[in-house]
Amino acid sequence: MNRVRPLDEWVSRLSTSNPKDVAAALEVLGEALCADDEAVRERAAQLLVKELARAGSAAHGPILRLLQTSWWPPQAQLAEPALEAVLTAVARIDVDAPELDEAALLIANLYRAAPLPLSALEGALGHAKASVRRVAAGCVGRVGKAAVSLLPRLLTVLDDSESVAGAALESLGSLASAAPEVALPALFDQVSRAEGTRQYLALTSLRSLVEEGRREGKPAPELASLEPVLLKTAEDPQPPVRLEAVSLLGLGRLSSLSTVAALRKRLQDESPAVAACAAVALLRVGAPPQEAASLLAAQLASAENPDKVGAALSALEGVEPATLGRIRDTLVAAARGASGLVAEALHELLPRNA
């Protein structure tokens, strides 16, 4: 391979239709972005940013991936032009294109490297192009707590197209613990009326928020108003959705007859993970522990079925000592009958409820 060519020629090769030329250019430019010579690093980044913003470029995807994976830390003086170039480029890309995730990650890196104004992201959330809104929405959560002030603006795109709303929900979930007073009403609303992927993302974000609050000793949010929709989603055809609903029924300590009946039914779920979470939820809502203990004991003893063992351990991980104490004898017996990593994991659980 001839690596003597100037960097701008390698950049131009990214737009060719020859896969070998593109692969060679990516390799050389990746090495340049990671070079010990700062001048080489900066020159490579400048050329790539310029090409990214060029209207006729056919290399948006490769450049976004290259900058996201190899350009760290970005030079502070290039952060603002790079941000503008990324937003310009994604406006020309389809809203469902996978490289938009690379763009969101790249922009988050730029915000970590330089004091860029949040107004740029705020403006992008209202951009006419859905692809730009998706990238901005996905970036807010990745920027972290520094972007909490953008949450009210982020909420306005929760009813956008599927891709945009999904990115917004993921960011909302990432920042929910930093501003629960803003996040909780929005998550409740999405759990109640959204469907499909949006509802699933809202469920996972709400569960993460509730679990984080519990670990920090904060009062749990009142989930009683969500009981009807959680009971409905506990019957969803998709196991991950059922798992989130079952977990929230337990975390919310929702102990109505309807909830207890739904959780007992899920002990027979075809998914070991859902069944194990249902057992933990039954313990949390105060139901008699025998059925839950029996299910967990059977899964933990299924040495021939690692999925069942893993499901039980995952469901028990992080459970509060008082709840584990309700099945202490079951855990002791399981630990005695287990070996290797399973035995170690069970022994780590036991001291917390001794």
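A few remarks follow.
- Being assigned to a helix (DSSP H, G or I), without any contact (Cβ under 8 Å) to a residue 40 or more places away in the chain and of a type in the set (Lys, Arg) holds for only one residue in ARG207, ARG133, and it is ARG133.
- The set of residues in segment 336-354 being assigned to a helix (DSSP H, G or I), surrounded by fewer than 19 Cβ atoms within 10 Å (Cβ to Cβ) and not charged (D, E, K, R) consists of GLY337, GLY340, LEU341, ALA343, HIS347, LEU350, PRO351, ASN353.
- Among (1) open to solvent by less than 20 Å² (accessible area, probe 1.4 Å); (2) under 22 Å from the mean Cα position of the chain (by Cα); (3) of a type in the set (Gly, Ala, Ser), the one test that ALA273 misses: (1)
- Some residue of segment 177-194 being in a helix (DSSP H, G or I) and of a type in the set (Asp, Glu): yes
- Residue ID - nearest to LEU331 (Cα to Cα), chosen from residues in segment 249-270 that are open to solvent by 20 Å² or more (accessible area, probe 1.4 Å) and of a type in the set (Ser, Thr, Tyr): SER255
- Test: ALA32 is free of Cβ contacts under 8 Å to residues at least 24 places away in the same chain and among the small types (Gly, Ala, Ser): no
- Restricting segment 1-46 to residues that are part of a loop (DSSP other than H, G, I, E, B) and within 17 Å of HIS60 (Cα to Cα), the residue that is most open to solvent (accessible area, probe 1.4 Å): SER17
- In this structure, SER163 does not satisfy being in contact with an Asp or Glu (Cβ under 7 Å, 6 or more places away or on another chain), outside any loop (DSSP other than H, G, I, E, B), open to solvent by less than 20 Å² (accessible area, probe 1.4 Å) and touching a residue at least 40 places away in the same chain (Cβ under 8 Å).
- Any hit, segment 273-281, residues being closer than 16 Å to VAL229 by Cα, in a helix (DSSP H, G or I), β-branched (Val, Ile, Thr) and out of contact with any strand residue (DSSP E or B) (no Cβ under 6 Å at 6 or more places or on another chain): no
- Among the criteria (1) farther than 18 Å from ALA315 by Cα; (2) in contact (Cβ under 8 Å) with a residue 12 or more places away in the chain; (3) surrounded by fewer than 17 Cβ atoms within 10 Å (Cβ to Cβ), the one LYS218 does not fulfil is (2).
- Qualifying residue in segment 77-92 (condition: of a type in the set (S, T, N, Q), without any contact (Cβ under 8 Å) to a residue 60 or more places away in the chain, open to solvent by less than 40 Å² (accessible area, probe 1.4 Å) and not in a loop (DSSP other than H, G, I, E, B)): no
- When the residues of segment 98-122 are filtered to those that are over 23 Å from ARG43 (Cα atoms), part of a loop (DSSP other than H, G, I, E, B) and modelled with pLDDT of 95 or more, the one that is least open to solvent (accessible area, probe 1.4 Å) is LEU118.
- Residues being in a helix (DSSP H, G or I) and among the polar types (S, T, N, Q) - total across segment 223-243: 2
- Within segment 294-306, the set of residues being open to solvent by 30 Å² or more (accessible area, probe 1.4 Å) and farther than 20 Å from PRO240 by Cβ comprises SER294, ALA297, ALA298, ALA301, ALA303, GLU304.
- Taking the listed residues VAL319, VAL309, the one that is modelled with pLDDT under 95 and open to solvent by less than 20 Å² (accessible area, probe 1.4 Å) is VAL319, with no other qualifying.
The values are calculated or read from the model by the stated rules, or taken from the named source; none is laboratory data. What you see is a predicted model; the values in this text were computed from it and never measured. A quick note on method: Cβ atoms are made from the backbone with ideal geometry, for glycine too, and the neighbour counts reach across all protein chains shown. When the accessible area is computed, the model is the full protein with side chains, heavy atoms only, and any ligands, DNA or RNA have been set aside. Shrake-Rupley method; radii C 1.70, N 1.55, O 1.52, S 1.80 Å.
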